[in-house]
Amino acid sequence: HSQHQGRHRIRELALAAAMPPAPRCLASLLLLLLPAAAANMNAGTYKITNPNSLTKQSYSTEYKAEYFDVYSNPIRTRYSEVHWIMHNNIALPQEVIDRFASKTMAVVGYEVDQVRRTPSGDVPVPITDAYNHHYMAFLADTHSTKLKKTLADAMAVRMGHNHGADWYWKPETAKDAVFSEEDIAVSQFFSEGNGGEMRLSYHGYPKGYAQLIDSPNEFHIMPMQIDTKNRHYSGPGFKPDILPRSATSPPNASYSGILECPCTTRIKKEWWQAHATLSKGTCHDLVENSSECFSAVPSVVKGSTYNTKVVANKSLPSGCVVQAHASGVVDAVWNQDRSANTCGQSAPTKVHSVGFAASKIVSVTVEVSEATSEATITITGPAEVWFGVGLGASSMCLHPQADECPSGGPYAIIVSGSSVTEHKLDQHAPGVQLARSVHVKSIAVQGGERTVVVTRPLKGLTQRHFTFNPKADKLDFISAHGVSLVFAKHNLHDSSTLNFVSVDQLTCICRAGIQGKINGAGFPYPGPCAGQPTGDLAFEHNPTCSVQTYSGGLRCCIHGNYLLDTDQEPPEEYQEYHMKFRFYFEEYVPGPKPSHQNLLRLYWTTEAFAGEYDIVPCLPGTPTQDCIQVITSRWKIRDLLRDCTLRSDSSCTGVGSTDASKTAGVKLIYAGPHCHAPSCLSMELYNADTGRLICHMEPAVGQSNNTYDEKGFVALPPCLWGSLDEGLLEPELLSLDTELLSIKRNNNTVGHYGEMASWQMRGILVPRAEDAGQAEQAAALAPSKRRWAELMV
């Protein structure tokens with residue numbers, strides 16, 4: 001400590017405290033680099049939930065390492081306003097950048113607060129004034145990697161990188177990056193204990209463990225804040241201000257109902273019955289009447305003229321039938337007869353079909369002819385930028401296997417002005433350009449749109465080219481466009497489905513489920529909730545699983561939106577403050593016995609990828625102590641891992657991490673539960689193979705009106721594993737096939753929106769060669785058939 005004190009006390013704390021507020025444009029750049037902490041930043045006591053009761057030593061949650069402070073851009077809001085946006089990049093102190101240039105920093109912990117900056121120092125903002133729903137933060141080496149604003153995909157949802165947002169920061173490694181010999185990350189992600197519980201939930205690690213990062217030089221943050229400050233009350237304690245009618249909080253609650261993101265009348269929610277074509281077989285979900293039939297046909301079959309008629313014909317399939325002609329005329333028929341005939345009984349040997357669909361990016365028509373063995377593809381998109389479609393896929397990964405994408409991305413046709421090229425995409429990468437198989441028939445620009453018509457053989461020129469199935473009823477495709485005519489990183493992307501109908505032949509129209517939008521954003525189809533045993537929400541028909549029943553949560557918390565009804569106006573008064581992070585660090589020393597083991601991010605949600613869920617009120621008359629809602633989730637250790645280099649992405653867990661021949665398993669070092677006040681009762685994590693309890697957490701509930709102890713709000717003590725000398729339990733080896741079970745309990749005396757139940761964990765990989773014996777021992781502990789945790793549930 002004394003060695004570093006003089007060298008790194010660049011700015012005295014007293015001087016910093018006496019400084020006047022910085023101009024808004026510079027406020028986020030005012031950073032401090034200070035020696036080892038004499039006391040924690042936040043007032044109060046951090047706790048862990050699983051201290052070792054057999055040791056005399058008590059684990060200390062006092063941070064002792066050097067640290068630097070970083071502030072977000074200013075957050076300025078009115079009552080009920082949502083602030084949920086990516087902040088501008090923030091440079092780290094130059095002293096930190098210089099010291100760790102081409103060196104590795106070991107981040108051993110961090111603290112978070114929200115503060116008003118004043119001439120006399122930082123003043124903490126009560127959680128009842130500004131509610132932090134969550135934050136997503138990064139440290140990064142921007143010489144080696146760029147954090148790109150990217151639309152959230154399945155991987156972002158799975159790893160929790162977007163936390164419900166449409167966008168997230170995605171690290172992309174620079175082509176000319178120079179790396180250390182070790183596989184050290186060039187970006188590190190921080191989200192543990194992120195929410196109203198952030199300030200007294202412990203974010204530290206045992207000795208010898210850290211998040212390692214090479215050459216950090218920038219900080220990035222995307223906080224989600226909700227302004228709950230009552231401008232009409234200045235007395236003691238907290239009283240909620242005006243609330244929308246959809247808020248579920250009881251009168252005189254110790255919290256504001258708007259922090260649960262109720263869907264107000266300012267939010268437009270819409271849904272509709274979707275339909276699809278079926279060329280062979282019987283509809284699983286029939287169209288109900290002629291009115292539905294005739295209105296559905298134009299949504300799935302493109303035509304210039306639509307004729308409708310009602311018949312009672314035993315030779316036709318029952319229900320809604322369509323016949324499309326080469327002239328563009330489409331005949332929609334409602335057959336009232338309860339015919340036993342199925343779709344496609346009289347289908348010709350050679351199929352000639354056409355399909356049309358429009359995504360947010362482009363419109364696509366595909367005409368398939370078995371007679372000519374040729375497909376005609378018409379694509380219309382914005383004229384001033386490149387656009388393209390990837391065929392036969394609903395994402396940038398063609399055949400995902402867990403967290404891997406061994407087959408890469410789909411075949412794509414890219415239009416850049418007058419240039420039309422074919423590509424085999426890679427996952428989130430441009431891939432390679434393919435040999436030409438398309439013939440361009442025409443390119444026309446009109447009304448700001450470019451329309452391209454190409455033909456190509458049904459069979460792909462190579463295995464990398466897409467091969468059309470002429471008998472398919474539908475074709476999934478992805479679409480994207482850029483910011484210029486040069487094919488590069490996309491600006492927007494979407495996925496959609498094209499429905500085929502046979503020309504001059506009868507095709508059935510079936511129901512295809514409910515689809516919808518909330519404030520213009522598409523609701524996941526067929527729904528965001530997973531089935532059992534992965535999760536319980538779909539089985540329980542939780543309201544968050546359907547656009548029809550969704551009434552509150554992240555989808556109604558839109559940046560800049562006021563969580564009030566249209567006839568309610570927020571007070572004019574603004575409040576302004578900053579998010580403040582204090583990062584504690586040490587210098588990493590490499591070698592056969594390195595100074596620190598790198599902690600990998602291991603993330604899972606009990607709500608199983610839904611990202612949130614509703615707490616449904618218990619039945620009237622139920623005793624209060626019995627008003628408990630329970631959800632569970634099961635998964636395997638290997639589901640937490642992603643086999644790729646650490647430096648390529650902060651969600652990667654290393655090459656070979658999912659290969660049982662190379663990796664014995666994982667040891668958990670930190671397990672931080674994430675749930676919200678006021679209803680969270682407990683979260684438990686079990687080894688489902690043995691019934692052994694791994695972590696049990698009950699929130700520490702605030703009891704006063706003091707900042708950091710606000711009544712009804714919570715802190716979430718994590719589970720920690722390390723050495724006996726520190727007063728911790730030793731970590732247990734969990735093999736890749738170990739099944740875990742999460743059990744989450746909430747009080748449901750009243751209903752709540754947007755509750756969460758995630759496990760934000762950190763752990764280390766145990767190589768097979770290093771610890772094969774422990775893996776065998778762990779396997780021996782697991783019963784071959786009986787699941788004790790099943791009985792516990």
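The values are calculated or read from the model by the stated rules, or taken from the named source; none is laboratory data. Keep in mind that what you see is a predicted model, and the values were worked out from it rather than measured. Glycine gets a Cβ as well: all are built from the backbone with ideal geometry, and neighbour counts include every protein chain shown. Areas reflect the complete protein model, heavy atoms only, side chains present, ligands, DNA and RNA absent. Shrake-Rupley method; radii C 1.70, N 1.55, O 1.52, S 1.80 Å.
Numbers below:
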| read-out | value |
| --- | --- |
| Criterion: open to solvent by 20 Å² or more (accessible area, probe 1.4 Å) and touching a His at 6+ places or on another chain (Cβ under 9 Å) - qualifying residue of T265, T248 | T248 |
| Residues satisfying the stated conditions in region 744-756, i.e. hydrophobic (A, V, I, L, M, F, W, C) and either open to solvent by 10 Å² or more (accessible area, probe 1.4 Å) or without any contact (Cβ under 8 Å) to a residue 40 or more places away in the chain (or both) | V750 |
| Only listed residue being closer than 30 Å to Q568 by Cα, polar (S, T, N, Q) and in a strand (DSSP E or B), chosen from Q323, Q225 | Q225 |
| Unique residue being open to solvent by less than 20 Å² (accessible area, probe 1.4 Å), over 26 Å from G522 (Cβ atoms), outside any loop (DSSP other than H, G, I, E, B) and touching a strand residue (DSSP E or B) at 6+ places or on another chain (Cβ under 8 Å) when the list is V333, V364, V389, V297 | V333 |
| Extreme residue, surrounded by the most Cβ atoms within 10 Å (Cβ to Cβ), among residues of region 492-526 that are assigned to a loop (DSSP other than H, G, I, E, B) and touching a Pro at 6+ places or on another chain (Cβ under 9 Å) | Q505 |
| Any chance Y574 is open to solvent by 40 Å² or more (accessible area, probe 1.4 Å) and touching a strand residue (DSSP E or B) at 6+ places or on another chain (Cβ under 6 Å) | yes |
| Top-ranked residue in region 300-320 [being out of contact with any Leu (no Cβ under 9 Å at 6 or more places or on another chain) and in a loop (DSSP other than H, G, I, E, B); ranked as farthest from C508 (Cα to Cα)] | S304 |
| Failed condition for D725, given (1) closer than 26 Å to Y255 by Cβ; (2) of a type outside the set (F, W, Y); (3) open to solvent by 10 Å² or more (accessible area, probe 1.4 Å) | (1) |
| Region 221-238: number of residues that are touching a Ser or Thr at 6+ places or on another chain (Cβ under 9 Å) and modelled with pLDDT under 95 | 4 |
| Test for T142: is it modelled with pLDDT of 95 or more, more than 25 Å from L563 (Cα to Cα) and open to solvent by 10 Å² or more (accessible area, probe 1.4 Å) | no |
| Selection count where residues are part of a loop (DSSP other than H, G, I, E, B) and either surrounded by 20 or more Cβ atoms within 10 Å (Cβ to Cβ) or out of contact with any strand residue (DSSP E or B) (no Cβ under 7 Å at 6 or more places or on another chain) (or both), scope region 66-79 | 3 |
| Strands (runs of 3 or more DSSP E) within region 590-699 that include 1 or more residues open to solvent by 30 Å² or more (accessible area, probe 1.4 Å) and closer than 30 Å to S551 by Cβ | 628-636, 680-687 |
| Every residue from region 57-90 that is under 27 Å from L212 (Cβ atoms) and more than 26 Å from the chain's Cα centre (by Cα) | Q57, Y59, S60, T61, E62, Y63, K64, A65, E66, Y67, F68, D69 |
| Selection within region 533-549 - touching a residue at least 40 places away in the same chain (Cβ under 8 Å), open to solvent by 20 Å² or more (accessible area, probe 1.4 Å) and not in a helix (DSSP H, G or I) | P533, T534, Q548 |
| Looking only at region 300-309, and only at residues there that are surrounded by 12 or more Cβ atoms within 10 Å (Cβ to Cβ) and farther than 15 Å from A512 by Cβ, the one that is nearest to the chain's Cα centre (by Cα) | K302 |
| Of all residues in region 706-722 being modelled with pLDDT under 95 and assigned to a loop (DSSP other than H, G, I, E, B), the one that is most open to solvent (accessible area, probe 1.4 Å) | K711 |
| Residue in region 61-68 that is more than 26 Å from T707 (Cβ to Cβ) and modelled with pLDDT of 95 or more present | yes |
| Selection within region 584-621 - aromatic (F, W, Y) and either under 23 Å from the mean Cα position of the chain (by Cα) or more than 29 Å from L734 (Cβ to Cβ) (or both) | Y603, W604, F609, Y613 |
| Test set (1) modelled with pLDDT of 95 or more; (2) open to solvent by 20 Å² or more (accessible area, probe 1.4 Å) - V96 fails condition number | (2) |
| K239 being surrounded by fewer than 23 Cβ atoms within 10 Å (Cβ to Cβ), charged (D, E, K, R), free of Cβ contacts under 8 Å to residues at least 40 places away in the same chain and assigned to a loop (DSSP other than H, G, I, E, B) | yes |
| Matching entry among V486, V440 (being farther than 24 Å from F294 by Cα, among the β-branched types (V, I, T) and assigned to a loop (DSSP other than H, G, I, E, B)) | V486 |
| Residue in region 112-130 that is over 28 Å from I669 (Cα atoms), surrounded by 21 or more Cβ atoms within 10 Å (Cβ to Cβ), modelled with pLDDT of 95 or more and touching a helix residue (DSSP H, G or I) at 6+ places or on another chain (Cβ under 6 Å) present | no |
| Positions within region 438-491 being surrounded by fewer than 16 Cβ atoms within 10 Å (Cβ to Cβ), of a type in the set (G, A, S) and over 32 Å from the mean Cα position of the chain (by Cα), in sequence order | S442, A444, G447, G448 |
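One line per residue, one yes/no per condition, for (1) under 30 Å from T228 (Cβ atoms); (2) out of contact with any helix residue (DSSP H, G or I) (no Cβ under 7 Å at 6 or more places or on another chain); (3) among the aliphatic types (A, V, I, L, M):
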| residue | (1), (2), (3) |
| --- | --- |
| I258 | yes, yes, yes |
| R266 | yes, yes, no |
| V287 | no, no, yes |
| V329 | no, yes, yes |
| W334 | no, no, no |
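Rundown of residues vs (1) within 26 Å of P262 (Cα to Cα); (2) at pLDDT below 95, yes/no style:
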position: T738; (1), (2): no, no
position: I743; (1), (2): yes, no
position: T749; (1), (2): yes, no
position: M761; (1), (2): no, no
position: I764; (1), (2): no, no
position: G773; (1), (2): no, yes
position: L781; (1), (2): no, yes
position: S784; (1), (2): no, yes
position: R787; (1), (2): no, yes
